[in-house]
Amino acid sequence: MNAPSQMAAATPALRSAPPLPPAAFERIRRRMVLEGCKWDPQIGDEATLAGHALLLGRSSFAALAGLASALARETLAAEEELAERPELHALVGVPRPLRRCWARCPPPRPPRAQRLMRFDFHPTSEGWRVSEVNSDVPGGFAEASLLPALYQPHHPGTSLPPDPARAWVERIAADARRPCVALVAAPGFLEDQQVIAFLADAFQRRGCVPVPARLEDVSFRDGAALLRQGSAVHEAGAILRFLQAEWLLARPRPAGWRHYFLPGPTPVFNAGTAILTESKRFPLAWPHLHAPTDTWRALAPESREPTALGEGWLLKGAFSNNGDAVVNPGDERRWRAAVREARWHPERWVAQRRFDAVAIETPAGPRFPCLGLYTLGEELVGVYGRLSAGATVNHRAADVAVLIEEGR
């Protein structure tokens, strides 16, 4: 086996810690609401925060860090090549308006050090596997930055993974042309507003002037971003776009939408080219690329066009969030509807071979873990843990602190 295959096959050293006493957990829960802007600590009758931590052995953490860095290196190289090969844009599902835009003006090549991604790892019967990369607007910052810091004092012999919010804010602040940073998100989506509020606090501590904004609050003059605050208009030093690229491309498209995807004096994080690798159809482009994809091929399940379905396969929307467009044959009603839509619009879907995810024992019973490893450029900068009652990790999964267990 090559190195990625050997690391992938390693038995994951991952276990659940005992639950915290109720009073200690309630203090953490309250701080996550007040300091972490975790305003939805409950969905229906289910808590969105686990009452215990996940302990990841130091050797497994080191192996995962190496895999995530290798995946980031391959993803960035593939994204750069895809940006220069418009004949592959339809294959990965780039919407037609953006294909027309890039046909007139080629997309930019942002510095690799600016690109933040999150790779979702799952322990399986065959070792670690990766289901996808959140290449465009990964979330989970409070849960990966503050939550582990609140749990770590309760677990001697553990250490913290890196802080992704701090690394991301530091990068943006260093590259911004002015202290003002526009944090652009869609109103009405509580989860997105939570992320923006948490990052705004981090920007303020860094000495920046964060301004939460709607799309209509931002305009462009000669490519430079202008931010409206009440009756005042001033130039933004950078834009943090916490709004999925495909949302920007949906009708009605906002004025100035092209500036999020084209070169300009105001840096945009993440760059619009992230849509090329955010697409779940990204694996379909691998056979056509010169960029290496060895680590991806070792870790990711096989993908193919959604019209070639068979036993052991599931369907994924090309652009989906929180597992909301992952459909298994076991859900007959949704499966029939997804198969029908994939037949009509295959460019919006991809078929992925299912892998045998492994549950671990937790105080709440068997749960399927997912570790989202953040990279900034090619460097590992954080770990986001989730626990799901089912093999598909979706919006109902509980967020869980991940700590590094020394000596394992």
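Reported count of residues in the stretch 160-177, each being farther than 18 Å from residue 147 by Cβ, modelled with pLDDT of 95 or more and not acidic (Asp, Glu), is 5.
In the set 87, 126, which member is in contact with a helix residue (DSSP H, G or I) (Cβ under 9 Å, 6 or more places away or on another chain) and free of Cβ contacts under 8 Å to residues at least 12 places away in the same chain?
On the way: 126 fails: free of Cβ contacts under 8 Å to residues at least 12 places away in the same chain.
None of the others qualify; the one that does is 87.
Residues considered: 148, 156. Of these, the only one that is assigned by TED's automatic domain parsing to the domain that holds residue 75 and surrounded by fewer than 21 Cβ atoms within 10 Å (Cβ to Cβ) is 156. Of the listed requirements (1) more than 23 Å from residue 90 (Cβ to Cβ); (2) outside any loop (DSSP other than H, G, I, E, B), residue 315 misses just one: (1). Within the stretch 236-245, identify whether any single residue is outside the structural domain of residue 65 (by TED's automatic domain parsing), assigned to a loop (DSSP other than H, G, I, E, B) and surrounded by fewer than 20 Cβ atoms within 10 Å (Cβ to Cβ), and answer yes or no. Looking through the stretch 236-245, none of the residues is outside the structural domain of residue 65 (by TED's automatic domain parsing), assigned to a loop (DSSP other than H, G, I, E, B) and surrounded by fewer than 20 Cβ atoms within 10 Å (Cβ to Cβ). Among the conditions (1) within 19 Å of residue 258 (Cα to Cα); (2) modelled with pLDDT under 95; (3) buried (at least 20 other Cβ atoms within 10 Å of the Cβ), residue 38 misses just one, which is (1). Residues that are closer than 20 Å to residue 83 by Cα, over 20 Å from the mean Cα position of the chain (by Cα) and among the aromatic types (Phe, Trp, Tyr) within the stretch 279-323 comprise just one, 286.
Please tell me if residue 348 is loosely packed, with under 15 Cβ neighbours inside 10 Å and over 18 Å from residue 52 (Cβ atoms).
Here the answer is no, as residue 348 does not meet what is asked.
The set of residues in the stretch 164-218 that are of a type in the set (Lys, Arg) and touching a helix residue (DSSP H, G or I) at 6+ places or on another chain (Cβ under 7 Å) comprises 166, 171, 206.
Look at (1) assigned by TED's automatic domain parsing to the domain that holds residue 170; (2) charged (D, E, K, R); (3) surrounded by 18 or more Cβ atoms within 10 Å (Cβ to Cβ) and you find that residue 253 fails only one, number (3). Restricting 251, 206, 258, 228 to those that are closer than 21 Å to residue 37 by Cα and over 21 Å from the mean Cα position of the chain (by Cα) reduces the list to 206.
Limited to the stretch 60-112, what total is found for residues that are in a helix (DSSP H, G or I) and within 17 Å of residue 259 (Cα to Cα)? Spell out how you get there, then give the answer.
Looking only at the stretch 60-112, we keep the residues that are in a helix (DSSP H, G or I), and these are 60-83, 86-88, 96-104, 112.
Now restrict to residues that are within 17 Å of residue 259 (Cα to Cα): 83, 96-104.
Total meeting the criteria: 10.
Remark: pairs (first residue in the stretch 254-269, within 13 Å of residue 97 (Cα to Cα); second residue of a type in the set (Asp, Glu) and assigned to a loop (DSSP other than H, G, I, E, B); Cβ separation under 7 Å; 6+ apart in sequence or on different chains) are absent. Could you check, for the stretch 199-210, whether at least one of its residues is surrounded by fewer than 20 Cβ atoms within 10 Å (Cβ to Cβ) and in contact (Cβ under 8 Å) with a residue 60 or more places away in the chain? Yes; the residues of the stretch 199-210 include at least one that is surrounded by fewer than 20 Cβ atoms within 10 Å (Cβ to Cβ) and in contact (Cβ under 8 Å) with a residue 60 or more places away in the chain.
Is it the case, given these coordinates, that residue 251 is under 30 Å from residue 214 (Cβ atoms), without any contact (Cβ under 8 Å) to a residue 60 or more places away in the chain and out of contact with any helix residue (DSSP H, G or I) (no Cβ under 7 Å at 6 or more places or on another chain)? Full working, then the answer.
Values: under 30 Å from residue 214 (Cβ atoms): yes; without any contact (Cβ under 8 Å) to a residue 60 or more places away in the chain: yes; out of contact with any helix residue (DSSP H, G or I) (no Cβ under 7 Å at 6 or more places or on another chain): yes.
Yes; evaluated as a whole, the condition is true for this residue.
Note on the stretch 42-80: among residues that are under 21 Å from residue 119 (Cβ atoms) and of a type in the set (D, E, K, R), the one that is surrounded by the most Cβ atoms within 10 Å (Cβ to Cβ) is 79.
The values are calculated or read from the model by the stated rules, or taken from the named source; none is laboratory data. Remember, predicted model here, so these are calculated numbers, not experimental data. Counting neighbours? That spans all protein chains shown, and the Cβs are built from the backbone with ideal geometry, glycine included.
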